[in-house]
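Notes for the one structure printed next.
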Amino acid sequence: MTKTFEELGLSKPVLDAINELGYLTPTPVQEQAIPLVLEGRDVVAAAQTGTGKTAAFMLPILDRLPKAQRLSNKGRVLMEGPQGPLCLVITPTRELAQQIDGVAVAVSAQTGHRTITVTGGSRYDAQKKALTNGVDVLVATPGRLIDLMDKDIADLSNVQVLVLDEADRMLDMGFWPSVRKIVRQLKQERQTLFFSATIDQDIMRTASGLLSDPAFVQIAARGSTAEGVEQYIMPVEQSQQVEVLAELIERYFQGSERILVFTRTKQRADACYMRLSRMGYNAQVIHADRNQRQREHALEDFRAGRVNILVATDVLARGIDIVGVDGVVNFDVPSNPEDYVHRVGRTGRAGRKGYAITLLGPDEITPLREIEYLLGKLIEVYDLPDFPYRSGRIVPNPNRPTKRQAHTLFRGMSGGRGRR
C-alpha cells in the first residue's frame, strides 16, 4: 500500500510545499528514496522518466539542509552560518537545470532556503552576486560551474550534499572529467545522490569512488518504458519523411495539443522545422545551437500551447517535464537505444496515455533491432489506413520482421509520392 507524504517523515514546511506543488501521493521512486535521503544515506536511484525523480531528492534535501550565511549587498552579515552552497546539484543541460530550479524554488519558499541556478548563456555578474550574498542550493551545468570555480567565484568547500542528476547522460556526453574536477573541490564527508532513468555497470564503475555504502532504488528495469505509451514503427523512405509526418499530424494526432518530434542532428531538426512551417504548421525548434533565450521561448510556447509541434534533438529527451505531451514522433531512429527510451518517456507521463511512432528508414534496421533488444519486445508495425503514398509497403505484422524481410518492405518505395 502506498504511503502518504506525511508517513515518509517530511516536515510541515515541506508538506506545505508539496500541497502548493499539487502532489497528491508519492510516486514509487519518491516513496523509496525520500526516507533514505532523510537518513543521510548515499543513494543510487534509477526510475523511468516522468516518475518524479527531482522531487524525490529535492524534498528530503531541503527538509534537512541547514542554511548558509546571508550577506547584504554591502557585505553586512544578515544571518550567521557556513558559506554556501551547502547542496550542489549537477545536471547535464540547461533545461534540466531550470526544471530542478523550479522544484527547489517552490519548496524553498516554504523552508526559507535560497536556490540559484548557473548555466551557460547567463551573465556572470548576476551569478557572482547571488553566490556572494549567500546560497543554500546551487544547481549547475558542469561547464559553467567550472568557469565560476576557475574565477574563484564558486566556493564548494562546504557542500554537504552532492546530487548527480542524469548521471548516465553526463557520462555519454563526455562530462565525467568535468564532474571529477568539481568533486575534487568537495569535502569527503558528504552525502552523494545519483538519480537517473538508467544506472548501468559503466556508471557504477566510473562513480564507485564517489559513493559510500550506497542504498539502491530500482523502480524500473533498464530499457523499460511507461505502460501507458503505445509504440509503433512506420517504414518510410527518407525523401517522404516530412510528408508522412504531416499525414500523421493530420490523421493520427488530429486534435493533439502537443507533439514532440525528435531528430538525430541539429541540421535535420532545422530542416524538419522549416518544412513544417512552410506547410503551415505551428511549430518550433530546439537544439544545442539555439541560444538560451530561443530555447526558453520555444519551451514556454510549447508548454503554454502557443506552439503545438516542437522539433528537437536529444537535448530535450532527458528529464524535461512537459505536461500533456500527446505523442512523440521519432523522425529518425536514435543511434543510442537508451535515447529511444528517454524520447518515448516525454509522453505518457504520470500515468497518462501516450503514443510514440518511429519513422523507420531503410538504413535504420540495425539501431531498431538494438532498441528492441533493450526493450525486450518487438515494436508493432503501424499501418495508416488509405495512406496515399503506396500504403502497400506498410504491412501490419504482429511479428517484427527479420532484417531481410524488413528490407523487402522498402523495395518499390521510390516514386509515386502522391498528394496530400
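Before moving on, here are some points about what is shown:
- Lysines whose Cα lies under 23 Å from that of residue 12, excluding same-chain neighbours fewer than 8 positions away: 3, 53, 67
- Signed unit charges on C-beta, dipole axis of region 6-218, positive-most listed residue 130, 13, 196: 130
- Backbone N under 13 Å from the residue 218 label point (7 Å along Cα→Cβ), restricted to region 21-54: 44-47
- Residues whose amide H lies under 5 Å from that of residue 380, counting only those 5 or more places away or on a different chain, are 233; hydrogens are built 1.01 Å from N in the peptide plane.
- Placing a pseudo-label 7 Å from each Cα along the Cα-to-Cβ vector at residue 304 and residue 122 gives an inter-label distance of 2.1 nm.
- Near the amide H of residue 261, within less than 5 Å, lie the amide hydrogens of 310, 311, 312, 329, all on another chain or at least 5 residues away, with H placed in the peptide plane.
- Under-5 Å amide H pairs with residue 159, H placed in peptide plane, nonlocal only: 187
- Annotation: region 6-218 has a Kirkwood hydrodynamic radius of 17.2 angstrom, from the mean reciprocal C-alpha pair distance.
- Bridgeable lysines around residue 377 (alpha carbons under 23 Å apart, same-chain partners fewer than 8 residues away excluded): 353, 403.
- The gain in end-to-end length when the residue 297 to residue 4 segment is fully stretched comes to 101.8 nm, 0.36 nm per residue minus the alpha carbon separation.
- Under 24 Å from the Cα of residue 151 - lysines, other chains or at least 8 residues apart: 74, 128, 129, 181, 187
Every number in this text was worked out from the coordinates using simple rules, so none of it is lab data. Just so it is clear, the model here is predicted, and its values are computed rather than measured. Counting neighbours? That spans all protein chains shown, and the Cβs are built from the backbone with ideal geometry, glycine included.
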